[in-house]
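Since the structure comes first, as structure tokens, the remarks are kept for the end.
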Amino acid sequence: METKTVTADKIVDARGLSCPMPMLKTKKALKGLKDGQVLEVWGTDPGSANDIPDFVKKHGSELLSMQADAGGYTRYIIEKR
Amino acid sequence: MHSFFTNTQDELRAAYALSFDRNWPGWLGGILIAVIALMIFIWNVPWGVAGGYQNWGDWAYYWMGAAEARPEMPWINTLSVSNLGIFFGALASALLSRQFAFRRAPRIEYAKGLVGGCLMGAGAALAAGCNVGGFYTAVGIFSIGGYAMMIGLGVGAFIGLHYLLWEMEHLAHLSGGGKTENKPSKRDWSQIQPVMGVFLLGGGIAAFYFYSAFDLTKIGGLLFFGLLIGVVMHRSRFCFVRAFREPFMTGDADMVRAVAVSLIVFGFGAAVIKWNWIQPPEMGVFHPWIGSLAGGLLFGIGMLLAGGCASSTLWRAAEGHSKLMIAMVAFALSNPATHMLIAATGLKPYLGAKMFMPAILTWHVALPLFVAILLLWVLVAGWNEKTEKLIIF
């Protein structure tokens with residue numbers, strides 16, 4: 001996936017949380033955004049690596065990137081559609 | 001350049017990447033679990049998980065002096081041994097996938113692990129089984145209590161999800177992640193983990209031969225089957241909680257399909273085993289229907305709070321989630337305590353009768369009915385996936 005430099009309109013910090021809390025927080029945050037706005041989710045649960053991309057796809061939004069941060073967590077960058 | 005050696009090396013690399021780089025699809029996990037559960041059934045008795053927690057908890061009460069009788073040794077008790085197998089199989093799998101890490105969580109998550117574990121232990125005692133013994137195995141071996149627990153689990157998941165949503169609105173400040181960030185370790189463990197995983201799996205297989213040498217082949221076999229289940233569950237992230245929660249949360253029906261496919265394979269196998277008297281037909285049928293309904297409800301709420309059921313608590317704890325380790329201990333302590341309470345209060349006669357579906361309806365009706373109920377579950381979940389009618393959030 002290409003890495004774009006985008007500034008997130010909202011950041012959800014779900015580090016340390018396990019399933020299903022990262023998903024719930026992602027879903028809630030997406031609800032509060034307008035189309036075209038960008039959400040960034042930080043997570044440490046290995047399950048999220050599948051759950052978040054699957055959910056974003058089902059939601060009709062777009063996962064712009066998913067990358068391991070040097071701080072030991074994963075950053076999911078999502079554009080609401 | 002294709003010597004036998006280099007070719008084998010390539011094959012092994014490809015097999016490793018296929019098995020441990022990407023997650024397995026849920027339905028594959030479901031089918032494999034059904035096959036292993038059938039092997040357990042033929043090898044010994046139908047598979048259960050709660051009894052293993054009970055054995056661990058019994059030891060805690062024995063040490064505290066609260067119980068007189070000395071429990072079976074955890075390495076002899078059949079259900080404890082298969083649980084240990086699941087735990088170590090999942091740990092080996094997490095290591096092989098380079099996914100093991102000790103994961104700290106915010107305090108409120110620990111509280112939920114504690115309460116959730118207690119509710120699950122109590123629910124499993126009332127239902128005479130957890131999501132595995134009381135629901136999965138029970139439905140698959142045609143015990144009607146299994147369906148009662150299924151309803152209880154569904155309602156419990158619905159209530160539990162409402163709590164999680166309430167918490168997110170009102171207690172959001174308690175579950176911020178920042179402070180509990182998992183620091184990356186200074187040493188790079190990612191290269192060592194798979195080697196440790198291989199040693200752990202090898203050790204598990206060696207343990208089978210060790211059991212066998214002491215004339216305990218049956219117990220060694222259960223350890224081996226447990227290891228397999230642990231690997232399969234971890235790699236496919238097989239999770240009963242998802243099957244009951246997602247229809248209300250995201251609408252995703254994949255885990256419902258995976259559990260239903262698994263149950264159909266397991267149920268057909270169990271029918272062959274029972275109808276043909278390879279094992280006695282009523283073996284394992286002891287689920288009281290009222291207890292299963294009420295226990296399922298408690299268990300359903302508990303598994304939502306804990307974020308894991310009896311089986312996925314084991315594999316998630318093995319992956320390093322400290323919250324699930326707490327849930328595991330709470331489950332082990334509350335399960336025997338609830339059993340003692342049921343015995344002390346004389347509640348047992350009020351929990352309802354056990355019922356064996358083919359004894360009431362004959363096999364000819366019980367089998368298609370079993371398939372029809374599972375298909376209906378899948379169809380409703382699939383319809384909800386499109387229409388989102390059941391989603392509460």
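The values are calculated or read from the model by the stated rules, or taken from the named source; none is laboratory data. This is a predicted model, so every value here is computed, not measured. Backbone-built Cβ (ideal geometry, glycine too); neighbour counts: all protein chains shown. Note: accessible area is taken over every heavy atom of the protein model, side chains too, but ligands, DNA and RNA are not part of it. Shrake-Rupley method; radii C 1.70, N 1.55, O 1.52, S 1.80 Å.
Things worth noting here:
- Protein-only accessible surface at a 1.4 angstrom probe places the residues B:210, B:331 in the order B:210, B:331, largest first.
- For the segment B:167-175, counting C-beta atoms of other chains within 10 Å of every residue's C-beta and taking the mean gives 2.
- Evaluating 6.51 cos²θ - 1.76 cosθ + 1.60 at θ = phi - 60° for every residue in region B:114-128, the Karplus couplings come out as 5, 5, x, x, 4, 5, 5, x, 5, x, 5, 5, 5, 7, 6 Hz, glycine and proline recorded as x.
- Going by accessible surface with a 1.4 Å probe and the largest first, A:62, B:169, B:385, B:109 read B:169, A:62, B:385, B:109.
- Distance between the C-alpha centres of region B:24-89 and region B:324-393: 19 Å, rounded to the whole angstrom.
- Karplus 3J(HN,Hα) series, Hz, for region A:47-58 with 6.51 cos²θ - 1.76 cosθ + 1.60 (x for Gly, Pro): x, 4, 4, 9, 4, 5, x, 4, 5, 4, 5, 4
- Residue-level accessible surface for residue B:360, protein heavy atoms, 1.4 Å, Å²: 100 Å²
- In angstrom, the C-alpha Rg and Dmax of region B:62-191 are 19.2, 53.
- Added length on full extension, which subtracts the Cα-Cα distance from 0.36 nm per residue, residue B:2 to residue B:282: 95.2 nm
- Spacing of the two label points (7 Å from each Cα toward its C-beta) at residue B:343 and residue B:21, in nm: 5.3 nm
- The tail of the calculated P(r) for region B:134-274, taken as Cα-Cα distances beyond 19 Å, holds 71 percent of the pairs.
- Fraction of antiparallel bridges per DSSP, region A:10-79 only, in percent to nearest 5: 70 percent
- Prolate/oblate/rounded label for chain B (Cα gyration tensor, a/c 1.5): rounded
- Taking every Cα-Cα distance in region A:10-79 and sorting them into 5 Å bins from zero, the calculated P(r) comes out as 3, 19, 34, 28, 13, 3 percent.
- Here is how the number arises for chain B: DSSP H runs of 4 or more residues each give -39500 (n - 2.57), the sum is divided by the residue count, and the result at 222 nm is -23500 deg cm²/dmol.
- Unit charges on C-beta of K, R, D, E only; dipole of the protein assembly as shown, Debye: 560 debye
- Here the Kirkwood formula puts the hydrodynamic radius of the protein assembly as shown at 23.0 Å, using every distinct Cα pair.
- Viscosity 0.692 mPa s, temperature 37 °C, Stokes-Einstein D of region B:282-393 from Kirkwood C-alpha radius, µm²/s: 190 µm²/s
- Remark: accessible surface ordering of B:340, B:64, B:149 (largest first) is B:64, B:340, B:149, probe radius 1.4 Å.
- J(HN,Hα) series, region B:41-53, from Karplus relation 6.51 cos²θ - 1.76 cosθ + 1.60, nearest Hz, glycine and proline x: 4, 5, 5, 9, 9, x, 5, x, 10, 4, x, x, 4
- Taking the Cα centre of region A:10-79 as origin and assigning +1 to Lys and Arg Cβ atoms and -1 to Asp and Glu Cβ atoms, the resulting dipole is close to 280 debye.
- Residue B:12 accessible area, 1.4 Å probe, all protein chains in place, Å² to nearest 10: 120 Å²
- Heavy-atom accessible surface of residue B:235, to the nearest 10 Å², is about 0 Å², with a 1.4 Å probe and all protein chains retained.
- Between residue B:162 and residue B:63, the simple spin-label model (points 7 angstrom out along Cα→Cβ) gives 3.9 nm.
- Share antiparallel - DSSP beta bridges, the protein assembly as shown, percent rounded to 5: 70 percent
- GNM flexibility winner over chain B from B:55, B:83, B:131 (Cα, springs under 10 Å): B:55
- When only alpha carbons are used to place a centre, region B:184-249 and region B:254-306 end up 22 Å from one another.
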